[in-house]
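Visitor: The structure's right below; bear with me while I get my questions together.
The values are calculated or read from the model by the stated rules, or taken from the named source; none is laboratory data. Just so you know, these numbers come straight off a predicted model, no measurement behind them. Counting neighbours? That spans all protein chains shown, and the Cβs are built from the backbone with ideal geometry, glycine included. Just so you know, the surface numbers come from the protein's heavy atoms only, side chains and all, with ligands and any DNA or RNA stripped out. Shrake-Rupley method; radii C 1.70, N 1.55, O 1.52, S 1.80 Å.
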Amino acid sequence: MATVRFSGVNKAYGTTSVVSDLDLELPDGSFTVLVGPSGCGKSTSLRMLAGLETVTSGTITIGDRDVTHLQPRDRDIAMVFQNYALYPHLTVAENIAFPLRATKTPRREALARAATIAESLGLAKLLARKPKDLSGGQQQRVAIGRAIIREPSVFLFDEPLSNLDAKLRVETRTELLQIQRRLGITSVYVTHDQEEAMTLSDRMIVMRDGRIAQQGTPQEVYSRPADTFVATFVGSPKMNLLEGVLSAGNFTLSNGFALPVDADGAQGPVTLGVRPDDLLPTAAAADSAARVALIEHLGPRAIVTLDVGGTELTSVVETARLTGITEGTAVDLAVRAGACHLFDTVTGRRVAG
Ligand code: ADP
């Protein structure tokens, strides 16, 4: 068990900086997800922690050990990759036991430990199978078992579920979370998928261009995004962002459309953020400038695309509240009370709300 710390960590390839001034503290036993668009430096950060990539400057500690310049094998970590590369000629039991065999643990003892771990991963009946006779999800669990068996102090995951189909990804994600909770091993997980980050993490670190854009619990990041980048990266469908002017309880777009909002008395030019769940259309007189462009039914809810004088907005509406709302109809729009996000139009930083 161990706390992981990055202090002023930088990584550059030649003159190109890919990770800048990374300061992080990941508490013992926590599950941290590094998330961000492709190329933002997530994998490089994880690989520096693993020792697979050198650090240009700064330090990384695990527990009270400075591991910055240690070899990967001396860091007491285990890593699960997207390509889990099981040994095809070995059985499930032998694959899981492999790291122990490599440290000369007697075969019988290694296989017994492997069987216990396989049991906890729901693989007990598959011990004698070869990888080619397993589903993708089962193979990934074997890879996790192989990583767990050494009882590392830190567990690293680099997009481990991205080769699985959607259903299996959700199932395996749940299993992974249960395993992590049970073992209490400090875990760091990299993904570009914000939904995966939201569901898995105790602590979510959103990265952009090699820097931390925001860190906090998924709920903090979702409910108070620090800037327009985080606001639109986290949440699906993504947050509506509108440039306009606030005055006297109305937000007026450049095309003249006025949206009534409760923005705590804020005034002046601002970028207004409204999550689709917080934008509430209701059937209106035909002269309203807001129209329903498209409705996509998702069962209990529908995604409603609105055209407001040439500006497109997205609303998510409970099916029961779609009365009178059909494609082509005019609507009035309201924003749920307390649900406005206000950002500086120039810097994109959150100003209030
Ligand atoms: P992510 O995991 O967020 O997709 P990476 O950490 O893999 O991003 O990469 C961050 C940036 O570093 C990218 O712009 C990538 O092109 C660059 N990069 C990665 N490896 C090298 C390398 N060996 N040489 C030069 N640039 C690299």
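Visitor: For the stretch 36-61, give me each residue that is polar (S, T, N, Q), open to solvent by 20 Å² or more (accessible area, probe 1.4 Å) and near the ligand (Cβ under 8 Å from one of its atoms).
Guide: Correct list: 38, 43, 44.
Visitor: Within the stretch 236-248, can you find the residues that are among the small types (Gly, Ala, Ser) and open to solvent by 40 Å² or more (accessible area, probe 1.4 Å)?
Guide: Within the stretch 236-248, 236, 247, 248 qualify.
Visitor: Still on this structure: With the condition kept exactly as written, say whether any residue in the stretch 270-287 is open to solvent by 10 Å² or more (accessible area, probe 1.4 Å), over 19 Å from residue 305 (Cα atoms), outside any strand (DSSP E or B) and modelled with pLDDT under 90.
Guide: no
Visitor: Turning to a different aspect of this structure: For a quick check of your reading: which helices (runs of 4 or more DSSP H) sit entirely within the stretch 187-260 and have at least 1 residues that are within 16 Å of the ligand (Cβ to nearest atom)?
Guide: Here the list reads 194-200, 228-233.
Visitor: State whether the residues of the stretch 116-124 include one that is polar (S, T, N, Q), open to solvent by less than 30 Å² (accessible area, probe 1.4 Å), part of a helix (DSSP H, G or I) and closer than 30 Å to residue 25 by Cα.
Guide: Among the residues of the stretch 116-124, not one is polar (S, T, N, Q), open to solvent by less than 30 Å² (accessible area, probe 1.4 Å), part of a helix (DSSP H, G or I) and closer than 30 Å to residue 25 by Cα, which makes the answer no.
Visitor: I would also like to ask the following. How many of the residues in the stretch 151-186 are among the small types (Gly, Ala, Ser), more than 16 Å from the ligand (Cβ to nearest atom) and touching a residue at least 60 places away in the same chain (Cβ under 8 Å)?
Guide: Result for the stretch 151-186: 2.
Visitor: Quick check on this structure: which one of 93, 78, 97 is away from the ligand (no atom under 16 Å from the Cβ), outside any helix (DSSP H, G or I), touching a residue at least 12 places away in the same chain (Cβ under 8 Å) and surrounded by 20 or more Cβ atoms within 10 Å (Cβ to Cβ)?
Guide: Only one candidate qualifies: 78.
Quick grid of which residues meet (1) hydroxyl-bearing (Ser, Thr, Tyr); (2) surrounded by 15 or more Cβ atoms within 10 Å (Cβ to Cβ):
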| residue | (1), (2) |
| --- | --- |
| 296 | no, no |
| 301 | no, yes |
| 308 | no, yes |
| 321 | no, no |
| 327 | no, no |
| 347 | yes, no |
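Visitor: Follow-up question, since we're still on this one. Look at residue 23 and say whether it is away from the ligand (no atom under 15 Å from the Cβ), out of contact with any Cys (no Cβ under 9 Å at 6 or more places or on another chain) and under 25 Å from residue 216 (Cα atoms).
Guide: yes
Visitor: Condition first: open to solvent by 60 Å² or more (accessible area, probe 1.4 Å) and at negative phi. Can you find one or more residues in the stretch 225-235 that meet it?
Guide: No, because not a single residue in the stretch 225-235 is open to solvent by 60 Å² or more (accessible area, probe 1.4 Å) and at negative phi.
Visitor: Just one of (1) more than 16 Å from the ligand (Cβ to nearest atom); (2) in contact with a Pro (Cβ under 6 Å, 6 or more places away or on another chain); (3) under 30 Å from residue 209 (Cα atoms) trips up residue 139, so point out which.
Guide: Just one mismatch for residue 139, condition (3).
Visitor: Moving on to the next point. In the stretch 193-224, how many residues are open to solvent by 40 Å² or more (accessible area, probe 1.4 Å) and touching a Pro at 6+ places or on another chain (Cβ under 6 Å)?
Guide: 1
Visitor: Now for a separate question. Of 65, 108, 73, which residue is within 30 Å of residue 206 (Cβ to Cβ), open to solvent by 50 Å² or more (accessible area, probe 1.4 Å) and in the same structural domain as residue 147 (by TED's automatic domain parsing)?
Guide: Testing whether each residue is within 30 Å of residue 206 (Cβ to Cβ), open to solvent by 50 Å² or more (accessible area, probe 1.4 Å) and in the same structural domain as residue 147 (by TED's automatic domain parsing) leaves just 65.
Visitor: Consider residue 157 carefully, then state whether it is assigned by TED's automatic domain parsing to the domain that holds residue 341 and either modelled with pLDDT of 95 or more or buried (at least 21 other Cβ atoms within 10 Å of the Cβ) (or both).
Guide: no
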